[in-house]
1. Every residue in region A:24-34 that is facing chain B (nearest Cβ under 7 Å) and more than 12 Å from B:Ala84 (Cα to Cα), please.
2. From (1) of a type outside the set (Asp, Glu); (2) within 13 Å of another protein chain (Cβ to nearest Cβ); (3) farther than 22 Å from A:Ile172 by Cα; (4) buried (at least 20 other Cβ atoms within 10 Å of the Cβ), pick out the condition that doesn't hold for A:Lys91.
3. Starting from residues that are assigned to a loop (DSSP other than H, G, I, E, B) and touching a Leu at 6+ places or on another chain (Cβ under 8 Å), keep the ones in region A:210-238 and report whichever is surrounded by the fewest Cβ atoms within 10 Å (Cβ to Cβ).
4. Which ones in region B:77-101 are buried (at least 22 other Cβ atoms within 10 Å of the Cβ), under 14 Å from A:Leu38 (Cα atoms) and more than 10 Å from chain A (Cβ to nearest Cβ)?
5. Please verify whether A:Ala11 is farther than 30 Å from B:Leu68 by Cβ and either open to solvent by less than 50 Å² (accessible area, probe 1.4 Å) or in contact (Cβ under 8 Å) with a residue 60 or more places away in the chain (or both), treating the condition exactly as stated.
6. Can you name the helices (runs of 4 or more DSSP H) wholly within region A:102-187 that have at least 3 residues being of a type outside the set (Gly, Ala, Ser) and closer than 30 Å to B:Ala49 by Cα?
7. Name every residue in region B:52-76 that is surrounded by fewer than 22 Cβ atoms within 10 Å (Cβ to Cβ) and either facing chain A (nearest Cβ under 8 Å) or touching a strand residue (DSSP E or B) at 6+ places or on another chain (Cβ under 6 Å) (or both), in order of residue number.
8. When the residues of region A:35-81 are narrowed to those that are under 18 Å from A:Asp201 (Cβ atoms) and assigned to a helix (DSSP H, G or I), which ends up farthest from the other protein chains (Cβ to nearest Cβ)?
Amino acid sequence: MSSRKGQRDAARVVREQLARERRRRRTIWVSAAAVVVLVIAGVVGWVVWSNQRSDSFTTPPGANADGTGIVTGGGPVTVDVYEDFLCPACKQFEQTSGSTLEQLVAENKATVVYHPVAYLNRFSTTQYSTRSSAASGCAAADGKYHEYAKALFAQQPPEGSAGLTDDQLIDIGTSVGLDRGSFGGCVKDETYRTWTEHVTDDASRSNVTGTPTVKVNGQQVENPTPDALTAAVAAAGK
Amino acid sequence: MSVTAPSTRGGRWPLVRPWLGIAARLGLAAVWLVAGASKVSDLAASGRAVNAYQVMPYDVATVIGAALPFVELALGVLLLLGLATRLVAGVSAALLVVFIAGIASAWTRGLAIDCGCFGSGGQLAAGQAPSYLPEILRDLGFLVLAGFLLIWPRTPVSVDGWLSGEPVVEDEDE
């Protein structure tokens, strides 16, 4: 009797051990599968990202040597302006301080380099930041970057919308005197899309985390009011 | 020993726990899916958001920024399915700890950035103040969900449960 009970107990212990072993193996396999899924997901992200980036870029005439911005003027002090055509604060900056920058250029006190970055693509359904920046490259090719930029800010679409269409971008160009044929073709062909990517990448690399960012001889001006800009340029020019 | 008997602990806990478990699992799944989906459409911005913390070189930050949304989506899907819940909860907790540490370090270094937790990372509009404390508290809340699943990974309607072919019980899963 007792020996049979002993056998039953032994059999049960073995069964339980086998069951435990099965559970252990299953857990290991399931965990391994989950780890593989997570690693694959990460690699997929990296591959998608690498494929999105272009290796080379076309720089519009009028850009600086690095191809990271459009140069206006030739004064001794360099003012870098990082702006996104969808950014409301950039529109505000353009409207309050844009003429100050023009004046500093006219007085030959400063060289202004405009970097039209595409930081806010998520805030339009059509990558408006990239499209408008690429279009501004087309305007720069005809020497009308700042005129075009001002007109773009004046007609800035709201964040979260579809933005302006390519046709509207072209119409704005003709309104500031750009040729519908060559400028329009440039916008439609997205000739400077790779340049926009380069400008944006360079700005990110230089720790420009927001727009507008204004730097005077490399030093960021925290609150770029007309007075602050004039003072910063005067101080840097000494 | 017996796996059929409910917990020896009295009260409503054995009844409530599976429901809390599935709520935690689906809640955390939603967090990861939303976080991943908000970043996946603009991987460049995701890289910038990582770079804004200024804890790693830009090129490393862009790779992390590109991989992270996809890993978050994968975590969300695994939690939704209830597959390898304990492991996924562990990875989630580890990631959340890293995020909290990142936000805290940005705070102590006086950086003015958006955490980039759900898209729109890195940049803050002019005059906008960073909201580090709410961001940390929110992540701590998510950490509680992950911790719950780490301790009690077995929840109803999960692939884990289906694979083991056992009802939800308070067993000692390794």
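1. Selection gives A:Arg24 alone.
2. (3)
3. Taking region A:210-238 first, the residues assigned to a loop (DSSP other than H, G, I, E, B) are A:210-212, A:217-218, A:221-225, A:238.
Next, from what is left, pick out any that are touching a Leu at 6+ places or on another chain (Cβ under 8 Å): A:210-211, A:221.
Values: A:Gly210: 22, A:Thr211: 28, A:Val221: 17.
So the residue we want is A:Val221.
4. B:Leu79, B:Ala89, B:Ser92
5. On the way: farther than 30 Å from B:Leu68 by Cβ: yes; either open to solvent by less than 50 Å² (accessible area, probe 1.4 Å) or in contact (Cβ under 8 Å) with a residue 60 or more places away in the chain (or both): yes.
So A:Ala11 passes the test.
6. Values: elements: A:128-141, A:145-154, A:166-175.
Result: A:128-141, A:145-154.
7. Selection gives B:Gln54, B:Tyr58, B:Val63, B:Leu73.
8. Step one: of region A:35-81, the residues under 18 Å from A:Asp201 (Cβ atoms) are A:45-46, A:48-60, A:63-70, A:80-81.
Applying the additional criterion that residues be assigned to a helix (DSSP H, G or I) yields A:45-46, A:48-52.
On the way: A:Gly45: 4, A:Trp46: 5, A:Val48: 7, A:Trp49: 3, A:Ser50: 8, A:Asn51: 10, A:Gln52: 7 Å.
Checked region A:35-81; the qualifying residue farthest from the other protein chains (Cβ to nearest Cβ) is A:Asn51.
The values are calculated or read from the model by the stated rules, or taken from the named source; none is laboratory data. Everything quoted here is computed from the prediction, not taken from an experiment. Note: ideal-geometry Cβ built from the backbone for every residue, glycine included; neighbour counts use all protein chains shown. Keep in mind that these areas ignore ligands, DNA and RNA; they rest on the heavy atoms of the full protein, side chains included. Shrake-Rupley method; radii C 1.70, N 1.55, O 1.52, S 1.80 Å.
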